[in-house]
Amino acid sequence: MSILKAHNISKKFKNLEVLKGIDLEVNKGEVIAIIGPSGSGKSTLLRCLIRLETIDRGSIEIDGQPMVTEASDGHSVYASEQNIRVLRKKMGMVFQNFNLFPHKSVLENIIEAPIIVNGLSREEAEAIADQLLQKVGLAEKRHSYPCELSGGQQQRVAIARALAMNPDIMLFDEPTSALDPELTGEVLRVIKNLAEEHMTMLVVTHEMGFAKEVANRVIFMDNGVIIEEGTPEQIFDRTQHPRTKAFLGQILRS
Amino acid sequence: MELDYILNSSIAILKGFKVTYGLFFSTLIFSLPLGLLVALARISRYRILQVVTGTYIWLLRGTPLLLQVFFVYFGLPALGLTLNNMTAAILAFALNYAAYFAEIFRSGIQSINKGQYESADVLGLTYAQTMRRKIIPQMVKRVLPPVSNEVITLVKDTALVFGIGLLDVLRTAQIIVTRDFDITAFIIAAVFYLLNTAILTFIFRKLEQRYSYYTT
Ligand SMILES: Nc1ncnc2c1ncn2[C@@H]1O[C@H](COP(=O)(O)OP(=O)(O)O)[C@@H](O)[C@H]1O
Ligand SMILES: [Mg+2]
């Protein structure tokens, strides 16, 4: 069953066309890795899906509901702010730079949105937060502040914070790229655990080992288009596409 | 004799406290929130608010504070609004300091990383919730040093109100000096300003310490 469906989406920054007609369908429980060279539009794609950027053309449906539709002239028309709010609640996002709220403790970072956006009581929110902190292995950091945590720990808090809103789909934009190499493992392990629980996820990553192991499907993007998609084996082991080959060759060499 | 004179002069000058402190605290009470409102309007997406607040800041920072005090006290009656001199001083000072605070707050708000807005946004917080809970609290920490500067300047700027006949600390001291041909009263006034500055410096240092529980 499809939880997210993007059709023919295009996005321009001024005159630079960054997404050039992307089609993407995400099924419930799927883990999709998005790979591709820097500047190919991977972040922009995720940001458009969660409406941190608006698209110029094409349509996006979340859980069968239109967030943005394509008018007859091809231009995108967004749903009402109110409807978009409802749809965006189904999505969570984790950023490369964590973006935790530095003036709030770990616990407060996690419980604030459930309380003020979802209307949970403080007790309910704390119970969820504690459960999630347990899950990401940071129960003892409940009262710490982000500046007291390592990058890997901060990112795990950011994941818990997103999960606390109980999203149907999680978007990860290079969740380990800002981390020292020895800290990537702990974050990838958390994402892998989520995959085992069948959380639907779109993960932009340069961690090819992780993509191979965890993803059901791999999408290779270059220059604003999806060049190729398939199972990890199809992309990593049997690709015939010269650009995919070139990209993977380069990654493996570095 | 000498000590007696200092004591008596000090008591006389104490009367000026009422004006100086009255103006100082009233200015802060009105100008800090007004400055925040102006800053928020300045960065809002409404062009009209940007232009109005931009002009306001330009006018108030671009002319002498004393001129603004004169304008409110002597000029507004021509427009049908007559204020007593203390009210006029408070109004002019509050509007003037709000312009400076607005610029400090604006730059503080704009120094906050874009990622803070984005993570609040994807968590479903509205713009107002984001500003109130995320951006403004972080801004406060960042603007403490420049705000402290302004507040210390304000202590001394209050002396400008001699221009509309208010008897503040400095004016009271000046009257005594002229009467007695003795500058002791000026020294007492200087000590008064220095003490206040020391207290404010201390308070702001404490505030900065209080916000040092986190770094960004
Ligand atoms: N806000 C923006 N304004 C202008 N150009 C942008 C903006 N965001 C991204 N770009 C440009 O869009 C292209 C794709 O960027 P991005 O989606 O970040 O790629 P990736 O995540 O694959 O590295 C790049 O050329 C980048 O410079
Ligand atoms: Mg990117």
Quiz prompt | Any hit, segment B:21-41, residues being at pLDDT 95 or above and over 26 Å from B:T158 (Cβ atoms) | solution = yes
Exercise. May I ask you to verify whether A:D73 is away from chain B (no Cβ under 14 Å), away from ligand 2 (no atom under 16 Å from the Cβ) and at pLDDT below 95?
Key: yes
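For segment A:218-232, enumerate the residues that are outside any loop (DSSP other than H, G, I, E, B), farther than 16 Å from A:H7 by Cβ and among the β-branched types (V, I, T).
Scanning segment A:218-232 gives A:V218, A:I227.
Where in segment B:76-195 are the helices (runs of 4 or more DSSP H), entirely inside, with at least 3 residues that are β-branched (V, I, T)? Show your work before the answer.
Working: elements: B:85-110, B:114-122, B:127-130, B:136-157, B:169-180.
Helices (runs of 4 or more DSSP H) meeting the threshold: B:85-110, B:136-157, B:169-180.
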Practice problem: Restrict the check to segment B:144-153 and report whether at least one residue is of a type in the set (G, A, S), free of Cβ contacts under 8 Å to residues at least 60 places away in the same chain and within 23 Å of B:L37 (Cα to Cα). | Solution: yes
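Just wondering, is there one or more residues in segment A:121-131 that are out of contact with any Leu (no Cβ under 6 Å at 6 or more places or on another chain), within 12 Å of another protein chain (Cβ to nearest Cβ) and either exposed (fewer than 14 other Cβ atoms within 10 Å of the Cβ) or over 28 Å from A:I3 (Cα atoms) (or both)? Write out each step before concluding.
First, pick out the residues of segment A:121-131 that are out of contact with any Leu (no Cβ under 6 Å at 6 or more places or on another chain): A:121-128, A:130-131.
Keeping just the survivors that are within 12 Å of another protein chain (Cβ to nearest Cβ) gives none.
Taking every residue of segment A:121-131 in turn, none turns out to be out of contact with any Leu (no Cβ under 6 Å at 6 or more places or on another chain), within 12 Å of another protein chain (Cβ to nearest Cβ) and either exposed (fewer than 14 other Cβ atoms within 10 Å of the Cβ) or over 28 Å from A:I3 (Cα atoms) (or both).
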Quiz item: So, in segment B:136-151, of the ones that are surrounded by 19 or more Cβ atoms within 10 Å (Cβ to Cβ) and within 13 Å of chain A (Cβ to nearest Cβ), which residue ends up nearest to A:M165 (Cα to Cα)?
Solution: B:Q138
Quiz prompt | Residues that are part of a strand (DSSP E or B) and either more than 16 Å from ligand 2 (Cβ to nearest atom) or of a type in the set (S, T, N, Q) (or both), drawn from segment A:177-210 | solution = A:T200, A:M201
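Could you say whether any residue in segment A:88-95 is within 11 Å of chain B (Cβ to nearest Cβ), of a type in the set (K, R), away from ligand 1 (no atom under 16 Å from the Cβ) and not in a loop (DSSP other than H, G, I, E, B)?
First pass over segment A:88-95, keeping only residues within 11 Å of chain B (Cβ to nearest Cβ): A:88-95.
Filter once more, keeping what is of a type in the set (K, R): A:88-90.
From what is left, the residues that are away from ligand 1 (no atom under 16 Å from the Cβ) are A:88-90.
After this cut, where a residue has to be not in a loop (DSSP other than H, G, I, E, B) as well, the list is A:88.
Yes, there is a match, as at least one residue in segment A:88-95 is within 11 Å of chain B (Cβ to nearest Cβ), of a type in the set (K, R), away from ligand 1 (no atom under 16 Å from the Cβ) and not in a loop (DSSP other than H, G, I, E, B).
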Quiz item: Taking segment A:38-61 on its own, how many of its residues are away from chain B (no Cβ under 13 Å), touching a strand residue (DSSP E or B) at 6+ places or on another chain (Cβ under 9 Å), part of a loop (DSSP other than H, G, I, E, B) and within 11 Å of ligand 1 (Cβ to nearest atom)?
Solution: 3
Self-check item: Every pair of residues 6+ apart whose Cβ atoms lie under 7 Å, when the first sits in segment B:103-128 and is touching a residue at least 12 places away in the same chain (Cβ under 8 Å) while the second is of a type in the set (G, A, S) and in a loop (DSSP other than H, G, I, E, B)
Solution: none
Quiz item: So which residues in segment B:43-64 are in contact with a Phe, Trp or Tyr (Cβ under 9 Å, 6 or more places away or on another chain) and crowded, with 19+ Cβ neighbours inside 10 Å?
Solution: B:I57, B:L60
Practice problem: Scan segment A:25-33 and give yes if some residue there is within 16 Å of ligand 2 (Cβ to nearest atom), assigned to a strand (DSSP E or B), surrounded by 22 or more Cβ atoms within 10 Å (Cβ to Cβ) and within 14 Å of chain B (Cβ to nearest Cβ), otherwise no. | Solution: no
Practice problem: Considering every residue within segment A:163-173, establish whether at least one is polar (S, T, N, Q), in contact with a Leu (Cβ under 9 Å, 6 or more places away or on another chain) and more than 16 Å from ligand 2 (Cβ to nearest atom). | Solution: no
Quiz item: How many residues are surrounded by fewer than 16 Cβ atoms within 10 Å (Cβ to Cβ), touching a residue at least 40 places away in the same chain (Cβ under 8 Å) and among the basic types (K, R) if we restrict to segment A:187-240?
Solution: 0
Self-check item: Top-ranked residue in segment B:94-116 [being at the interface with chain A (Cβ under 9 Å from one of its Cβ atoms) and in contact with a Phe, Trp or Tyr (Cβ under 9 Å, 6 or more places away or on another chain); ranked as nearest to B:T20 (Cα to Cα)]
Solution: B:Q116
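Would you be able to tell me the number of residues in segment B:148-202 that are closer than 21 Å to B:L91 by Cβ and not small (G, A, S)? Can you show your working first?
Initial filter on segment B:148-202 (closer than 21 Å to B:L91 by Cβ): B:150-151, B:153-171.
The next check asks that each one be not small (G, A, S); those that pass are B:150-151, B:153-158, B:160-162, B:164, B:166-171.
So the count comes out to 18.
Hey, can you tell me all the residues within segment A:1-23 that are within 16 Å of ligand 2 (Cβ to nearest atom) and either outside any strand (DSSP E or B) or of a type outside the set (D, E, K, R) (or both)? Talk me through it step by step, then tell me what you get.
Applying the first criterion (within 16 Å of ligand 2 (Cβ to nearest atom)) to segment A:1-23 yields A:11, A:13, A:16, A:18-19, A:22.
The answer is A:F13, A:L16, A:V18, A:L19, A:I22.
The values are calculated or read from the model by the stated rules, or taken from the named source; none is laboratory data. Quick caveat, the model's predicted, so the values are computed rather than measured. So basically every Cβ, Gly included, is an ideal-geometry build from the backbone, and we count neighbours across all protein chains shown.
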